[in-house]
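Undergrad: I am attaching a structure below and will ask some questions about it afterwards.
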Amino acid sequence: MSSTLAIILNELSPGLRLLIVERLNGPALESSAAQNNAGTGHAANCELNYTPRNEQGNIQVEKAIAINRSFERSLELWASLTEMKNLDPRRFLNQLPHISFVSGTNDVAFLTERHQLLSSALAFKNMRLTKDRSELKEWMPLVMENRGSDELVAATRIDRGLDVDFGELTKSYLKIINQGGLMTTLYGVEVVNIRRFGIKGWELDLQGNERSYQVRSPFVFVGAGGGALPLLQKSGIPEASGYGGFPISGQWLVCKNKSILVRHNAKVYGKAKVGSPPMAVPHLDSRWINGRRSLMFGPYAGFSSKFLKKGSSLDLFRSLRRDNFSSMIEVGIKNLNLVNYLISEVIQSEDERLVALKQFMPNASPKDWDLVIAGQRVQIIKSTSDGAVLKMGTEVVSSSDGSIAALLGASPGASTAVTIMLEVLERCWSEQMKSRTWRAKLKSLFPSYGNNDFNQDSSLLKMRERNDYLLGLKS
Ligand SMILES: Cc1cc2nc3c(=O)[nH]c(=O)nc-3n(C[C@H](O)[C@H](O)[C@H](O)COP(=O)(O)OP(=O)(O)OC[C@H]3O[C@@H](n4cnc5c(N)ncnc54)[C@H](O)[C@@H]3O)c2cc1C
């Protein structure tokens, strides 16, 4: 997130001095590291939780269309940087089909209706639906092998899907910014405190291995992932009042048998179990990490009181404040289903994990899979006029004078970083965003910038053609 903001700011105002402070010994070692997330370029091609039914039972497609639009914005930036700055998309992008797979009468009916609604929107017009078993076998042999012939199954498929190595992307951004020479990056240095300095500035206390020091800045972006909430609380801005965080950990099964993993070439998303959080949607994913192909299944959710994978078990307790304590308790009581679900996930045995995998891949054998710890997500707890709520999305929190902004929450995450950072700029750099110079630069980075009818007219397809061409993808 921070490197996305840094690269956009660097393009808009190359003379800006940027400082990135990172507590670990290199970039992107937390949630953005490839093995810590699923690497799905979330375009809502296959994630069934982005098209929920409303109370009347109707499928809602607005969220899917908005996420698709957000991801296209990311592609737009990557395509522009490839053209202008020699960004190499082969280092972090791999194209593969995005498939939704369901079984049983209700879920097949849901998928059929969802397909009908989505494929009539321009963004998803190439979505295909099949219930034909031989075609399903071609799309995902591992999922169909040894599956009972009486099981009713269906899938949709979009070929223009992506696997993204967000860790490599972060490194590529930093490399480009470094060529300009006005960025300083401090690794192994933690921001331990933050306070107002002057009328519209901030002073940060930094703690390195050997020394501690202070820096001052007129603008701070708290892109600290799970570490964002504690820093936001320390800033003392009134806008941060009432926020809490609920950490959810994750695990993957990673296939170590090469002869199996090469037989799967897709991201296949299923439907989440009733009562489970949206981020626990099971999926069987082809991945490319450091250029090496792999296959993983999960995530299995869990609970840990850490806010960062390399954080402290005290993180959750230290985040408790007078202004968020009652919200935390209220959310706990209102979401007992979720709490029970997480407890059941934490205590499940290897055999139980295998059962979940076998529902996806009937021939799976435990000897071919290793259990690996994924990144931490800190979901947002917020007090609203309707009481405390647990939010599964992301939220930008900023001060009224625009001198500080933080990103809370995790999903849909890195795929939508570009759209989120444009929101940060519109909130905190609003005057500059209106200036002729910045508008011209925004237009060169995002040729569709300012086009609000993007999804309704053919400019979406033209933009996709341009992005695919520059990124070397097949349409
Ligand atoms: C299991 C899982 C699966 C996911 N799958 C996907 C997916 O398929 N697609 C997708 O788009 N997104 C996915 N996400 C979400 C995505 O990983 C995150 O949204 C994204 O990586 C967040 O980036 P970030 O820069 O905000 O946080 P991070 O990558 O965590 O970076 C924050 C950095 O701040 C540093 N930091 C924290 N506190 C301090 C401090 N006080 N001082 C200095 N440094 C500090 C941390 O060390 C860290 O390096 C997934 C996440 C998880 C956990």
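The values are calculated or read from the model by the stated rules, or taken from the named source; none is laboratory data. Since this is a predicted model, take the numbers as computed values, not measurements. Ideal geometry is used to build each Cβ from the backbone, glycine not excepted, and the neighbour counts take in all protein chains shown. Surface accessibility is based on the protein's heavy atoms, side chains included, excluding ligands, DNA and RNA. Shrake-Rupley method; radii C 1.70, N 1.55, O 1.52, S 1.80 Å.
Undergrad: When region 450-475 is examined, which residues are found to be more than 14 Å from Ala123 (Cβ to Cβ), touching a helix residue (DSSP H, G or I) at 6+ places or on another chain (Cβ under 6 Å) and open to solvent by less than 30 Å² (accessible area, probe 1.4 Å)?
TA: Leu471 - this is the single residue of region 450-475 that is more than 14 Å from Ala123 (Cβ to Cβ), touching a helix residue (DSSP H, G or I) at 6+ places or on another chain (Cβ under 6 Å) and open to solvent by less than 30 Å² (accessible area, probe 1.4 Å).
Undergrad: Condition test on Ser327, is it at pLDDT 90 or above, buried (at least 20 other Cβ atoms within 10 Å of the Cβ) and either under 19 Å from Ala224 (Cα atoms) or over 24 Å from the mean Cα position of the chain (by Cα) (or both)?
TA: Yes.
Undergrad: Under the condition of being away from the ligand (no atom under 16 Å from the Cβ) and acidic (Asp, Glu), which residue from region 398-450 is nearest to Leu231 (Cα to Cα)?
TA: Asp401
Undergrad: While we're here: Are any residues in region 1-57 more than 24 Å from Met296 (Cα to Cα), charged (D, E, K, R) and within 22 Å of the chain's Cα centre (by Cα), and if so, which ones?
TA: Matches in region 1-57: Glu22, Arg23.
Undergrad: Given the structure, is Asn265 away from the ligand (no atom under 14 Å from the Cβ), touching a helix residue (DSSP H, G or I) at 6+ places or on another chain (Cβ under 8 Å) and either open to solvent by 30 Å² or more (accessible area, probe 1.4 Å) or free of Cβ contacts under 8 Å to residues at least 40 places away in the same chain (or both)?
TA: Against the criterion (away from the ligand (no atom under 14 Å from the Cβ), touching a helix residue (DSSP H, G or I) at 6+ places or on another chain (Cβ under 8 Å) and either open to solvent by 30 Å² or more (accessible area, probe 1.4 Å) or free of Cβ contacts under 8 Å to residues at least 40 places away in the same chain (or both)), Asn265 does not qualify.
Undergrad: Shifting gears a bit: Kindly indicate whether any position in region 412-432 is at pLDDT below 95 and open to solvent by 10 Å² or more (accessible area, probe 1.4 Å).
TA: yes
Undergrad: For region 1-41, give me each residue that is assigned to a strand (DSSP E or B) and within 11 Å of the ligand (Cβ to nearest atom).
TA: Ile20, Val21, Glu22, Thr40, listed by residue number.
Undergrad: Of these, Ala79, Ala44, which one is within 13 Å of the ligand (Cβ to nearest atom) and modelled with pLDDT of 95 or more?
TA: Ala44
Undergrad: A follow-up question, please. Tell me, which strands (runs of 3 or more DSSP E) lie completely within region 364-446 with 1 or more residues that are in contact with a Cys (Cβ under 7 Å, 6 or more places away or on another chain)?
TA: Correct list: 369-373, 394-398, 404-409.
Undergrad: Starting from residues that are in contact with a Gly (Cβ under 9 Å, 6 or more places away or on another chain) and under 18 Å from Ser398 (Cβ atoms), keep the ones in region 183-207 and report whichever is least open to solvent (accessible area, probe 1.4 Å).
TA: Out of the qualifying residues, it is Ile194.
Undergrad: Could you tell me how many of the residues in region 353-394 are within 12 Å of the ligand (Cβ to nearest atom) and within 23 Å of Glu423 (Cβ to Cβ)?
TA: Within region 353-394, residues that are within 12 Å of the ligand (Cβ to nearest atom) and within 23 Å of Glu423 (Cβ to Cβ) number 7.
Undergrad: Is it true that some residue in region 346-364 is of a type outside the set (A, V, I, L, M, F, W, C) and in contact with a helix residue (DSSP H, G or I) (Cβ under 6 Å, 6 or more places away or on another chain)?
TA: no
Undergrad: If you scan region 47-62, which residues turn out to be within 21 Å of Arg73 (Cβ to Cβ) and away from the ligand (no atom under 16 Å from the Cβ)?
TA: Thr51, Val61, Glu62
Undergrad: Still on this structure, I have one more. What's the number of the condition Asn290 fails, among (1) within 17 Å of Leu229 (Cβ to Cβ); (2) open to solvent by 60 Å² or more (accessible area, probe 1.4 Å)?
TA: Condition (1) is where Asn290 drops out.
Undergrad: How about region 144-238: which strands (runs of 3 or more DSSP E) wholly inside it have at least 1 residues that are within 11 Å of the ligand (Cβ to nearest atom) and under 30 Å from Leu117 (Cα atoms)?
TA: Strands (runs of 3 or more DSSP E) meeting the threshold: 162-164.
Undergrad: For residues that are at pLDDT below 95 and polar (S, T, N, Q), tally how many sit in region 14-35.
TA: 1
Undergrad: Every residue in region 215-229 that is surrounded by fewer than 21 Cβ atoms within 10 Å (Cβ to Cβ) and within 11 Å of Arg321 (Cβ to Cβ), please.
TA: Listed by number, the list is empty, since nothing qualifies.
Undergrad: Do we have any residue at all in region 106-128 that's in contact (Cβ under 8 Å) with a residue 60 or more places away in the chain, within 16 Å of the ligand (Cβ to nearest atom) and in contact with a Leu (Cβ under 9 Å, 6 or more places away or on another chain)?
TA: The answer is no, given that none of the residues of region 106-128 is in contact (Cβ under 8 Å) with a residue 60 or more places away in the chain, within 16 Å of the ligand (Cβ to nearest atom) and in contact with a Leu (Cβ under 9 Å, 6 or more places away or on another chain).
Undergrad: Related question: I'd like to check something: does region 251-264 contain any residue that is closer than 16 Å to Leu308 by Cβ, in contact with a strand residue (DSSP E or B) (Cβ under 8 Å, 6 or more places away or on another chain) and among the aromatic types (Phe, Trp, Tyr)?
TA: Checking region 251-264: not a single residue is closer than 16 Å to Leu308 by Cβ, in contact with a strand residue (DSSP E or B) (Cβ under 8 Å, 6 or more places away or on another chain) and among the aromatic types (Phe, Trp, Tyr).
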